[in-house]
1. How big is Rg to Rh over chain B, alpha-carbon atoms, Rh as the Kirkwood inverse-mean-distance radius?
2. Magnitude of the Cβ-charge dipole of chain B, K/R +1 and D/E -1, about the Cα centre, nearest 20 debye?
3. Which whole-number percent is the relative contact order of chain A (Cα, under 8 Å, 6+ apart)?
4. Starting from the amide H of B:E321, placed 1.01 Å from N in the peptide plane, find each other amide H under 5 Å away whose residue is 5 or more places distant or on another chain.
5. Starting from the stretch B:8-90, pick out the GluC sites (Glu not before Pro) whose DSSP state is loop and whose Cβ has at most 14 other Cβ atoms within 10 Å.
6. In the P(r) worked out for chain A, what percent of Cα pairs fall beyond 23 Å?
7. Going by a ≥ b ≥ c, the root eigenvalues of the Cα gyration tensor, does the protein assembly as shown fall in the rounded group (a/c under 1.5), the prolate group (a/b larger than b/c) or the oblate group?
8. List the residue ranges in chain B for DSSP H helices whose C-alpha atoms run 24 angstrom or more along the long axis and whose Kyte-Doolittle average is -0.5 or above.
Amino acid sequence: MQIRFYATLRPLVGGRSVDLSDPPDTVSGILERLACEYEGLHDQLFDEDGTVRRFVAIMVDGRDIRHIDGLQSRVSPDSELDIFPPVAGGI
Amino acid sequence: MALGGFANRVARINLTDRSVSYEGINEDDARKYIGARGLGVKYLLDNGPETDPTSPDNMLALVNGPMTGTEVTMSGRLAFVTKSPLTGTVTDSHMGGWSAARLRWAGFDALLITGKADSPVYLEVEDGAVEIKDASDIWGKGIHDTVAHFGSDSGNKTDVSVMSIGQAGENGVLFASFLNEDDRAAGRGGTGAVAGMKNLKCVVVRGTRDGRWRPEQGEARQKFREAQGAHLKLIMESPVTAPSSVNDDGTLKDGSGALSAFGTNVLMNAVNSIGGLGTKNSQLTQTTPEAADAVSGETMRNEYLTAEPTCHACPVACKKEVEITEGPHAGLKMESFEYEPAWSLGANCGNDDPAVIAKVIDQCNDYGMDAIEIGNVISMYMEASERGYVDTPLDWGDGAGMVRVTEEMAMGSSSIGQTLGQGTAKAAAAWGHSEISMTVKGQAVPAYDPRGIKGEGLGYATSNRGACHLRGYTPASELLGIPVKTDPLDWDGKGPLLKIFQDLHAFSDSLDLCKFSAFAVGAPEYAALYENVVGLPMSEEDVMVAGERIYNLERHFNNLAGFDGSDDSLPERFLTEPASGPAEGHICELDQMKEQYYEARGWDDGVVGEAKLRELEIIS
Ligand code: SF4
């Protein structure tokens, strides 16, 4: 499974995307695996109490997990994941 | 005058008889309409909403807010307010940079320009006086040359700022814009076209920081510092706006806000990922991840960045200067590779070459044209070509053709250039195919597809200046979660939500603070700043009421100019052709959202009734 990262998260994973073999079937499981492999990523994505930081956007097939089942959102091997730090702009 | 912040000096300039007179600010209007956008619309209303926007009687008002040029963070903005020749509505377009502050330091709250000079002129503003001067030796020049002519620069190294039109405004392009220094545009609505019709080339302002407003010593200054300190702290600590800095190896330091690090174009990948990025004239709502990333803020920072300029009193520095090093545009250095034109000239034109985007934006900044409209008019032309509606076709992604046709529009040097220079809506209508015009009230849509981000669809439809994302920026909620996260694919509730955004932005545009402040602060901070600059009580609720009053004032102007609910529409494509990508199958449910919106506004089919006008003290 390919997971794409953006903006300030890219340096933490060393590139635009990460390939995960044998991926877990929830967002939570995937993030746990990624946090073990990439130092600093956990702190960028989670608050001290373990909730996803405000304004961090995690998309499964283009849908923000805040509109699916949060960290328990299901993921299949051919799903596409995009992970954004707080991004805004727009003029 | 009892109100703080204001210079209490306004110049009325009649170019027909070349007269200048001076007056103070009307205190009652300043209390009700705050400044900049709100006060500017009031000047336009008093000038007559039925005025033909192409006639000498139309007014071009350059209006500061009470905070402009002060120490308040992000206070370097100026509103250009006029009746738009593109839309027929009232319009206001704001520029950042340094000109706004300098105009205030030169002693003015506003310049109100009417009439038409019998030969090209410019205005010179210094020390509380305005002179009308001969512009025959700069007429015909681009903006970059005009700025250089007066010895200005694109920063704060001199004491002179130049706000100018380019050849597009001189040649009657209806979406011509004003720019200050080299790259900061009041882009939308054709303010530059109005200046061109008046034979007005530019406004040259001389002023130094010594002219800025400061509170009295003692308690007043202490309280001002507290309010400004709280405002600044939130901006410095927001994960969006926190200033960025780099380590020795060039990598970004922890805590760098994404807007500061990557500029507005950090949105490119995010909007594309949810299927909200209009592609090929909005026939699709998503491009490939590779095409989006090729022109994104991340790529521009990593591969093209040369400098990170800012505006007056802003630590965020979201402006990104880039240099193209290869290909036909090698050597081009430019600023304002922003999200909007990166979309309009990128995915929307089937183009993923950042050098072409940089080149056409720079053309817009030199000829003086709205870079959102230009991307739309070109993409509409490309779709017309694909469908066989035109004799001289332009293919999707033809970068050389995009550069060529941009020049032809600005210079009016070809038949196709003259047609396209009238804007997307008029050009499509001239070919008998208005259905491929992605416009509202004659102005082209910005970079959020209303099928993938539905609140913006309502925002485009009900904007008082034609399609616009800045009137009510619901993507803050639909993408980011400010103030709360709402689902971009759900229409329900977007009416009341949009009203809150529209009213809040109407207030901040009238202060006039950069809109990006709203990613970090809100009504409580705006109220505290207002109280401690202007010196009048202002609560959080008062902020929202004043914003509502300003929004209704604009709508009232438009109603008197002949607009009603039937003009609050969207192109048929967004209502009937389903989206692609993650928003697949979705259309924009405009009618349902409009019903909720009008109810929240208390309007009858898009018209502000007398009772509402009285309630908001617009009429007595
Ligand atoms: S955030 Fe960007 S546009 Fe706004 S004032 Fe700062 S530098 Fe200018």
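Bear in mind that the values in this text are calculations on the coordinates, not laboratory data. None of the values given here were measured: they were computed from a predicted structure. Methodologically, a virtual Cβ is constructed for each residue, glycine included, from the backbone with ideal geometry; neighbour enumeration extends over all protein chains shown.
1. Working: Rg = 22.3 Å, Rh = 23.9 Å.
My calculation of the ratio gives 0.93.
2. Values: 53 positive and 90 negative charges, 232 e Å.
The calculation lands at about 1120 debye.
3. That works out to 38 percent.
4. B:T306, B:A307, B:E308
5. Details: sites: B:E23, B:E27, B:E50, B:E71; in loops: B:E50, B:E71.
Of the GluC sites (Glu not before Pro), the ones in loops of the stretch B:8-90 whose Cβ has at most 14 other Cβ atoms within 10 Å are B:E50.
6. Numbers: 584 of 4095 pairs.
Of all Cα-Cα pairs in chain A, 14 percent lie more than 23 Å apart.
7. Details: a/c = 1.44, a/b = 1.27, b/c = 1.13.
In terms of gyration-tensor shape, rounded.
8. Details: long enough: B:219-237 (27 Å, -0.83); B:494-511 (26 Å, 0.11); B:540-560 (30 Å, -0.71).
Membrane-span-like by this criterion, though nothing is claimed about a membrane: B:494-511.
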